[in-house]
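Read the structure below first, then the notes.
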């Protein structure tokens, strides 16, 4: 075998994995930050039939807050067995170390029940634009009721309506669309089980579970109604690797494939 053939044979095994690595690099560059949100963790709390959870994740300076009503009790539509307004999850309070406000860009999403007017979740929820006081929880909040300080919906895509009741609050899986809530006639617009919100943090400093405190879940239309403290955040045990880590993992896998391909060539 002459020198040129040896060079081609030696380098030839590396070309397939090298091409694959190039494709991987292009994908990483063309999709910076795409899908790389770090799941920070979850906090939950319960009292009787009332049970709720909040999940936090971060991508850059965007914080995603997912609020869940875990109440599975089945409520009917009779005078003695119906969902009370005080059993509707209407907010979550929390504090984040070094953060005094939340801001745009922001979004709110979820599945609406009894929705006959073309509403969206953003029509009935607001985030705190400054530090809150006199709450049963932390100084930040995402709420669907004005409580003692009526405000207006401020999530993007909403109509800016007043937060004047439990409308757009979150109900558990035991509630059936069309059933009565409190003394109201059937048909109040509510969110089914889960609502997800994105808000902007003042900076993109990576948050950890220890940065969150004073988490609590608020029900009903007044701060005097049930408020359940959330436990310490349970960090996620399967955090998605950073892009650089995935690239290294991909490189290792590609080189392993290339080595195996070379060995098969030599055997042949």
### Task
Taking 7 Å along the Cα-to-C-beta vector as the label spot, tell me the residue 234-residue 208 distance in nanometres, rounded to one decimal.
2.0
### Task
Compute the FRET efficiency between residue 173 and residue 100 as 1/(1 + (r/R0)^6), taking r as their Cβ-Cβ distance and R0 = 51 Å, and round to the nearest 0.05.
0.90
### Task
For the stretch 38-232, just run the numbers: alpha carbon Rg, then divide by 2.2 N^0.38 Å, N being how many residues it has.
0.96
### Summary
Here FRET efficiency (C-beta to C-beta, residue 81 to residue 162, R₀ 45 Å, nearest 0.05) is 0.90
### Task
Would you mind ranking 73, 82 so that the residue whose beta carbon has the fewest other beta carbons within 10 Å leads the list?
73, 82
### Task
Please give the contour-minus-distance gain from residue 73 to residue 184: 0.36 nm per residue of separation, less the Cα-Cα distance, rounded to one decimal in nm.
38.0 nm
### Message
For the stretch 179-227, take the convex hull of the Cα atoms, compute a quarter of its surface area, and give me that in nm², please.
### Response
5.7
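Taken together, the values in this text are just the output of simple stated rules run on the coordinates, not laboratory data. Note that the structure is predicted; figures quoted are calculated from it, not measured. Cβ coordinates were reconstructed from backbone atoms using ideal geometry, including for glycine residues, and neighbour counts include every protein chain displayed.
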